[in-house]
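Here is the structure we will look at.
The values are calculated or read from the model by the stated rules, or taken from the named source; none is laboratory data. Being a predicted model, the structure only gives us computed values, none of them experimental. Positions of Cβ are generated from backbone atoms using ideal geometry, with glycine treated the same way; all protein chains shown enter the neighbour counts. Heavy atoms of the whole protein, side chains included, go into the accessibility calculation; ligands, DNA and RNA do not. Shrake-Rupley method; radii C 1.70, N 1.55, O 1.52, S 1.80 Å.
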Amino acid sequence: MFDTTALNQQRNFFDGHTDIWLFGYGSLIWKADFAYLERQPAYITGWARRFWQGSHDHRGTPDAPGRVATLIRAQGEVCHGMAYRITPDVLAPLDVREKNGYLREKVPLTFLAQRGNVQAAKATTEGLIYLATEDNPAFLGEASLDDIAHQIAHSHGPSGSNKAYLLNLAQALRELGTDDAHVFAIEEQLHRYQ
Ligand code: BEZ
């Protein structure tokens with residue numbers, strides 16, 4: 001399996017910073033198993049969430065990969081998620097967790113709510129995402145919603161079922177009050193496989 005851990009440790013966009021805003025758009029929204037200083041709902045523009053990345057190590061296996069979220073560039077689209085303020089040491093274990101094709105990228109992010117008077121004038125900041133682009137070997141790419149749902153319904157890996165990943169994400173997005181047509185359409189299709 002291709003492993004991005006070493007590459008990511010060269011991608012020090014926030015060298016010298018004592019804290020970093022990490023924007024989660026997938027499992028990081030509902031599975032924050034790392035230490036963070038605070039978190040805030042946030043969004044990024046020009047990106048759309050898609051279940052186009054293969055998961056050979058978490059929600060599937062090398063022989064039967066699952067599908068997990070990545071982002072594609074999409075002009076005019078808004079992708080909602082959760083931003084976590086972390087200390088830089090938190091990134092090393094995340095690099096390992098997301099090693100199957102995800103690279104650190106720097107993006108502008110906007111906090112959804114005003115963060116008090118002090119922060120109100122600074123509602124946008126530079127943040128970090130983990131991004132799996134189409135040139136990584138685990139990238140599966142576009143498929144019909146039915147094919148994506150079928151694959152998700154039947155995939156399991158060391159971190160659990162692929163279906164639980166999708167359903168947890170859909171629920172977390174509902175709790176954030178955000179609409180994501182791609183995720184909710186897959187969720188709808190998944191009910192056919194229950
Ligand atoms: C995320 O939630 O942002 C995420 C999770 C796993 C890999 C990449 C990104």
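Numerical summary
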| read-out | value |
| --- | --- |
| Accessible area (Å², per residue) of the range 38-194, counting only protein heavy atoms and a probe of 1.4 Å | 46 |
| DSSP H segments from the chain that extend 20 Å or more along their own axis, Cα-based, with Kyte-Doolittle mean of -1.0 or above | 162-176 |
| Table column - 3J(HN,Hα) (Hz), the range 60-77, Karplus curve with 6.51, -1.76, 1.60, x for Gly and Pro | x, 10, x, 7, 9, x, x, 10, 10, 7, 9, 10, 10, 6, 8, 4, x, 8 |
| Whether the range 1-44 is rounded, prolate or oblate, judged on the alpha carbon gyration tensor where a/c under 1.5 counts as rounded | oblate |
| Amide H contacts of G127 (H built 1.01 Å from N, under 5 Å, at least 5 apart or other chain) | V107, L109 |
| Euclidean distance of C-alpha centroids, the range 4-21 and the range 149-168, integer Å | 30 |
| Accessible carbon and sulfur surface of the range 5-186 relative to its total accessible area, %, 1.4 Å | 50 |
| Of G24, G54, G177, the one that fluctuates the most in a GNM where the chain has Cα springs shorter than 10 Å | G177 |
| Within the range 5-107: Cβ-based charge dipole about Cα centre, in debye rounded to nearest 20 (Lys, Arg +1; Asp, Glu -1) | 300 |
| The chain: most fluctuating residue of L22, L71, L145 per GNM, C-alpha cutoff 10 Å | L145 |
